[in-house]
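Reviewing the structure listed below.
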Amino acid sequence: MKDTKIKSKVLRPKFNNDLDIIELAEENIFDDNIISFGIISSCTLENQEADKMTFKQVVFKNVIFNKIIFRHIELEDVRFENCNLSNVDFDEASLYRVEFINCKIIGINLNQSTLRDTTFENCNGQYALFSNSNCKKVSFLQCQLRASNFQNSILSKIEFKESNLLMSQMNFTNLNGIDFTSSDIEGLGVNIADINGAIVTAMQASSLATLLGLIVK
C-alpha cells in the first residue's frame, strides 16, 4: 500500500529510550517549575495557571487542557498526541522540536511566541492565534486552520500542506517563498506587499486579486 503520509524536513522531538510515567497534579504546577523525561497520559488539567513552566522530553497523550494559562511556557522535545488544547493560553511561549499530532487546538493562544522545528499534523486549529510570533521551520500538515491569525509574524521555512486557511489573517506578514498550492486560502486576509513572492495556483492568484480589489478579465 502506498504511504500517503506527508513528509517534512522539520526536526521532530528527541527522547531518551525510557520515559517515566508522570502523574501531573496541582502541586506540580507552579511558576518556574521544570518537568522532564516522562509521559503524561489520559488525564484532565483544569483551572491551572503558572508562569515560565518548562517541559523537556515529555509526551502528552490523550490529555485534556481546560482553562489552562501557562504563559511564557518553554517546551523542548515535547509531543502532544490526541490532546485537546482548545483555548489554552500559551502567550509568549518558546517551542523547540515540538509536535502536535491529531490534536484539537481551537483558539489556542500562541501570540508573541517563538517556534522552532514545530509540527502540527492533522490538527483542528480553527481560530488559533499566532500573531506577532517568530516561526522558523514550522509545518502545518493536513490541518484545519480556518480563521486563524498570523498577523505581524515572522514566517521562515514554513510549510502549509493540504491545510484549510479559509479566512485566515496574515496581514503585515511576509509570505515570500511560502507554498500555498495544496491548501485552501479563500478569503485570506493580506496586503499586496504581504503576498509578493508567495507560491500560489492560478486560481488562488485570481481569488487573491479580487480580494485586493483588482479586476481580473
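The values are calculated or read from the model by the stated rules, or taken from the named source; none is laboratory data. Because the structure is predicted, anything quoted here is derived from the model rather than measured. Backbone-built Cβ (ideal geometry, glycine too); neighbour counts: all protein chains shown. Heads up: the accessible areas ignore ligands, DNA and RNA and are worked out on the full protein's heavy atoms, side chains in. Shrake-Rupley method; radii C 1.70, N 1.55, O 1.52, S 1.80 Å.
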On the given criteria, is residue 63 under 23 Å from residue 145 (Cα atoms) and either part of a loop (DSSP other than H, G, I, E, B) or open to solvent by 20 Å² or more (accessible area, probe 1.4 Å) (or both)? no
Yes/no for residue 192 being in contact with a Phe, Trp or Tyr (Cβ under 7 Å, 6 or more places away or on another chain) and of a type outside the set (Lys, Arg): no
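Can you name the residue in the stretch 102-122 that is assigned to a strand (DSSP E or B), of a type outside the set (Val, Ile, Thr) and open to solvent by 10 Å² or more (accessible area, probe 1.4 Å) and is also nearest to residue 140 (Cα to Cα) among such residues? Spell out the reasoning first.
Here is the first cut: in the stretch 102-122, the ones assigned to a strand (DSSP E or B) are 104, 109, 114-121.
Then keep just the ones that are of a type outside the set (Val, Ile, Thr); that gives 104, 109, 115-117, 120-121.
Filter once more, keeping what is open to solvent by 10 Å² or more (accessible area, probe 1.4 Å): 104, 109, 116-117, 121.
Numbers: 104: 13, 109: 16, 116: 13, 117: 11, 121: 6 Å.
Top of the filtered list is 121.
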Filter the stretch 177-205 for residues that are more than 21 Å from residue 140 (Cβ to Cβ) and either in a loop (DSSP other than H, G, I, E, B) or touching a residue at least 24 places away in the same chain (Cβ under 8 Å) (or both) and give the result. 191, 192, 193, 196
For the stretch 123-145, give me the residue count where each residue is of a type outside the set (A, V, I, L, M, F, W, C) and part of a loop (DSSP other than H, G, I, E, B). 7
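Kindly indicate whether residue 39 is more than 22 Å from residue 124 (Cα to Cα) and assigned to a strand (DSSP E or B). Reasoning before the result, please.
On the way: more than 22 Å from residue 124 (Cα to Cα): yes; assigned to a strand (DSSP E or B): yes.
Against the criterion (more than 22 Å from residue 124 (Cα to Cα) and assigned to a strand (DSSP E or B)), residue 39 qualifies.
For the stretch 69-80, check the following and say yes or no: at least one residue is more than 21 Å from residue 138 (Cβ to Cβ) and open to solvent by 20 Å² or more (accessible area, probe 1.4 Å).
First, the residues of the stretch 69-80 that are more than 21 Å from residue 138 (Cβ to Cβ): 69.
Filter again for open to solvent by 20 Å² or more (accessible area, probe 1.4 Å), leaving 69.
Yes, there is a match, as at least one residue in the stretch 69-80 is more than 21 Å from residue 138 (Cβ to Cβ) and open to solvent by 20 Å² or more (accessible area, probe 1.4 Å).
Conditions (1) part of a strand (DSSP E or B); (2) open to solvent by 40 Å² or more (accessible area, probe 1.4 Å); (3) touching a His at 6+ places or on another chain (Cβ under 9 Å); (4) at positive phi, marked per residue:
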position: 100; (1), (2), (3), (4): yes, no, no, no
position: 147; (1), (2), (3), (4): no, no, no, yes
position: 167; (1), (2), (3), (4): no, yes, no, yes
position: 175; (1), (2), (3), (4): no, no, no, no
position: 207; (1), (2), (3), (4): no, no, no, no
